[in-house]
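S.K.: Quick one: the structure is below, and I'll ask about it shortly.
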Amino acid sequence: MLKDFYKYQAQTSPYPLGMEVSHAKGSYIYDTNGKAYLDFVAGVSACTLGHQHPRVREAIVNQLDKYAHVMVYGEYAQDPAVELCKLLAENTPAPLDKVYLVNSGTEATEGALKLARRVTGRSQLISCHNAYHGNTMGSMSVMGFEERKQIFRPLIPDVDFITFNNEEDLLKITEKTAGIILETIQGGAGFIQPQNDFLKKVRQRCDEVGALLILDEIQPGFGRTGKLFGFQNYDIVPDVVVMGKGMGGGMPVGAFMAKAEYMDLLSHDPKLGHITTFGGHPVIAAACLATLKELLETDLMPQALEKEQLIRKLLTHPLITEIRGEGLMLAAMTESPEITNKVIFKCQDKGLILFWLLFEGCAIRITPPLTLSNQEIEEGCGIILEAMNEVMEESMNN
């Protein structure tokens with residue numbers, strides 16, 4: 001299988017991890033040799049409820065027994081999608097009350113950027129240095145990492161960048177600005193949290209000049225920071241929310257959400273202002289609905305904060321300079337990418353899955369399923385400490 005993987009399946013990097021997956025259940029992934037790996041990554045924050053969660057699996061099977069794809073998005077009323085959008089609206093602060101379902105986070109970003117231009121009639125978009133909002137051409141245009149996008153230029157025009165948490169840069173948001181897109185917590189940059197009411201100040205500046213505030217919740221969203229959305233920790237409400245990853249319980253999905261007055265503009269002048277064939281797919285929507293109900297009807301979201309504290313307590317080691325993030329969106333920082341790489345590879349050998357962040361080489365990603373038990377946290381953190389001890393010992397011997 002691995003040979004065919006390299007031969008027939010296009011790769012995203014020169015050195016993929018190359019695990020041959022047999023099956024996955026709960027907090028574990030199993031390879032074809034029967035080895036179990038404790039999953040501290042959750043498909044890069046996507047598998048909110050772990051693997052093969054009974055409620056999600058049952059919802060998928062039940063929907064498959066009824067119907068799968070029947071029509072392009074927005075033409076037929078289909079119960080899973082309608083109920084999902086309604087439940088999201090009921091549990092998101094006003095005036096956010098209408099949802100457009102798509103297939104991925106980057107598609108949701110594309111829709112949000114188009115919506116900002118449609119609402120305001122302006123063209124300028126603002127993003128942040130070291131931001132990541134997806135990898136299609138529009139999303140890449142608001143990526144704040146030139147090394148990854150230079151080869152693909154020209155991208156969409158009239159995009160400018162500010163520095164996250166830099167209040168002086170907010171003056172760059174003007175009457176020419178259609179919208180500013182921010183990650184509530186910067187992901188690829190190293191799980192950087194907003195400081196000194198930065199998001200409130202962005203919100204105020206947008207209100208002053210009539211620009212839309214778009215918050216990217218693709219990573220923080222769906223309980224990972226202790227709230228349904230990360231922005232709820234900062235006492236603000238954006239004009240547009242972009243979501244994906246964790247909302248699907250392991251299934252491919254994205255969505256953007258705003259007030260009805262804005263969202264309705266996509267239906268006319270011109271009509272089909274945004275369109276997708278498979279957005280709102282009934283099987284995917286059923287999985288999303290099951291995931292959302294499980295989060296709302298249990299204490300998994302507040303538990304994320306308790307589990308964060310346990311991880312912080314356990315992960316004390318000379319090689320860890322700090323732990324960034326909130327809830328179960330954490331990054332253990334080391335002094336160098338070399339140390340980070342050694343720890344991640346050693347942990348995989350020992351049966352623990354960790355991963356990297358896009359732009360911050362010193363970060364060790366810790367984004368496990370919200371269903372992870374305290375015992376599994378202790379097991380995983382123990383493996384990390386064991387790997388770090390070996391790295392230290394090797395360094396001293398050299």
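The values are calculated or read from the model by the stated rules, or taken from the named source; none is laboratory data. Every value quoted in this text rests on a predicted model; they were computed, and no experiment measured them. Note that each Cβ is placed from the backbone with ideal geometry, even for glycine, and that neighbours are counted across all protein chains shown. For accessibility, only protein heavy atoms count, side chains too; no ligands or nucleic acids. Shrake-Rupley method; radii C 1.70, N 1.55, O 1.52, S 1.80 Å.
S.K.: In this structure, is residue 286 crowded, with 24+ Cβ neighbours inside 10 Å, part of a helix (DSSP H, G or I) and hydrophobic (A, V, I, L, M, F, W, C)? So that I can check it myself, show each step before the final result.
M.R.: Values: crowded, with 24+ Cβ neighbours inside 10 Å: yes; part of a helix (DSSP H, G or I): yes; hydrophobic (A, V, I, L, M, F, W, C): yes.
Spelling it out, residue 286 is indeed crowded, with 24+ Cβ neighbours inside 10 Å, part of a helix (DSSP H, G or I) and hydrophobic (A, V, I, L, M, F, W, C).
S.K.: Evaluate the following for residue 181: is it buried (at least 20 other Cβ atoms within 10 Å of the Cβ), part of a strand (DSSP E or B) and of a type outside the set (S, T, N, Q)? Don't jump to the end; show me each part of the working.
M.R.: Values: buried (at least 20 other Cβ atoms within 10 Å of the Cβ): yes; part of a strand (DSSP E or B): yes; of a type outside the set (S, T, N, Q): yes.
Yes, satisfied.
S.K.: Select from the stretch 210-241 the residues that are of a type in the set (Gly, Ala, Ser) and open to solvent by 10 Å² or more (accessible area, probe 1.4 Å) and write down the one among them that is farthest from residue 184 (Cα to Cα).
M.R.: Restricting to residues being of a type in the set (Gly, Ala, Ser) and open to solvent by 10 Å² or more (accessible area, probe 1.4 Å), the top hit is 210.
S.K.: I've got another one for you. Mind checking whether some residue in the stretch 233-246 is touching a Cys at 6+ places or on another chain (Cβ under 7 Å) and modelled with pLDDT of 95 or more?
M.R.: So far as the stretch 233-246 goes, no, none of its residues is touching a Cys at 6+ places or on another chain (Cβ under 7 Å) and modelled with pLDDT of 95 or more.
S.K.: What number of residues within the stretch 32-43 satisfy the criterion of being out of contact with any strand residue (DSSP E or B) (no Cβ under 6 Å at 6 or more places or on another chain) and either free of Cβ contacts under 8 Å to residues at least 60 places away in the same chain or surrounded by fewer than 16 Cβ atoms within 10 Å (Cβ to Cβ) (or both)?
M.R.: Matching residues across the stretch 32-43 total 3.
S.K.: Hey, another quick one. I need a count of the residues in the stretch 262-283 that are part of a helix (DSSP H, G or I) and of a type outside the set (S, T, N, Q).
M.R.: Counting residues in the stretch 262-283 that are part of a helix (DSSP H, G or I) and of a type outside the set (S, T, N, Q) gives 7.
S.K.: Restricting to the stretch 223-232, name every residue that is in a loop (DSSP other than H, G, I, E, B) and over 17 Å from residue 366 (Cβ atoms).
M.R.: The answer is 227, 228, 229.
S.K.: Now a separate question. Looking only at the stretch 266-280, decide whether some residue is closer than 21 Å to residue 221 by Cα, surrounded by 15 or more Cβ atoms within 10 Å (Cβ to Cβ) and in contact (Cβ under 8 Å) with a residue 24 or more places away in the chain. If you could, list the steps in order and put the result at the bottom.
M.R.: First pass over the stretch 266-280, keeping only residues closer than 21 Å to residue 221 by Cα: 279-280.
Now drop any that are not surrounded by 15 or more Cβ atoms within 10 Å (Cβ to Cβ), which leaves 279-280.
Now restrict to residues that are in contact (Cβ under 8 Å) with a residue 24 or more places away in the chain: 279-280.
Within the stretch 266-280, one or more residues are closer than 21 Å to residue 221 by Cα, surrounded by 15 or more Cβ atoms within 10 Å (Cβ to Cβ) and in contact (Cβ under 8 Å) with a residue 24 or more places away in the chain.
S.K.: Any idea which of 196, 165 is surrounded by fewer than 22 Cβ atoms within 10 Å (Cβ to Cβ), in contact with a Pro (Cβ under 8 Å, 6 or more places away or on another chain), farther than 26 Å from residue 281 by Cβ and not hydroxyl-bearing (Ser, Thr, Tyr)?
M.R.: Result of the check over 196, 165: 165.
S.K.: Still on this structure, I have one more. It is to be established whether one or more residues within the stretch 95-107 are closer than 19 Å to residue 277 by Cα, touching a residue at least 12 places away in the same chain (Cβ under 8 Å) and of a type in the set (Phe, Trp, Tyr).
M.R.: yes
S.K.: Now a separate question. Out of the stretch 309-366, which residues are among the charged types (D, E, K, R), in contact (Cβ under 8 Å) with a residue 40 or more places away in the chain and either farther than 24 Å from residue 227 by Cα or open to solvent by 30 Å² or more (accessible area, probe 1.4 Å) (or both)?
M.R.: 324, 326, 342, 346, 360
S.K.: Restricting the first residue to the stretch 179-193 and requiring it to be under 21 Å from residue 212 (Cα atoms) and of a type outside the set (Lys, Arg), which pairs with a second residue that is assigned to a loop (DSSP other than H, G, I, E, B) and open to solvent by 10 Å² or more (accessible area, probe 1.4 Å) meet a Cβ separation below 6 Å and a spacing of at least six or different chains?
M.R.: Pairs that qualify, where the first residue is under 21 Å from residue 212 (Cα atoms) and of a type outside the set (Lys, Arg) and the partner is assigned to a loop (DSSP other than H, G, I, E, B) and open to solvent by 10 Å² or more (accessible area, probe 1.4 Å), are 185/193; 186/164.
S.K.: Can you give me the ranges of the strands (runs of 3 or more DSSP E) entirely in the stretch 1-84 with at least 1 residues that are modelled with pLDDT of 95 or more, farther than 24 Å from residue 327 by Cα and not small (Gly, Ala, Ser)?
M.R.: Once the strands (runs of 3 or more DSSP E) in the stretch 1-84 are filtered for at least 1 residues that are modelled with pLDDT of 95 or more, farther than 24 Å from residue 327 by Cα and not small (Gly, Ala, Ser), what remains is 21-25, 28-31.
S.K.: Give the stretch 348-368 a look and list any residue that's under 15 Å from the mean Cα position of the chain (by Cα), not aromatic (Phe, Trp, Tyr) and not in a strand (DSSP E or B), or say none.
M.R.: Residues satisfying the conditions are 357, 358, 367, 368.
S.K.: Just a yes or no: is a residue in the stretch 115-125 touching a residue at least 12 places away in the same chain (Cβ under 8 Å), within 22 Å of residue 185 (Cβ to Cβ) and part of a helix (DSSP H, G or I)?
M.R.: Scanning the stretch 115-125 turns up at least one residue that is touching a residue at least 12 places away in the same chain (Cβ under 8 Å), within 22 Å of residue 185 (Cβ to Cβ) and part of a helix (DSSP H, G or I).
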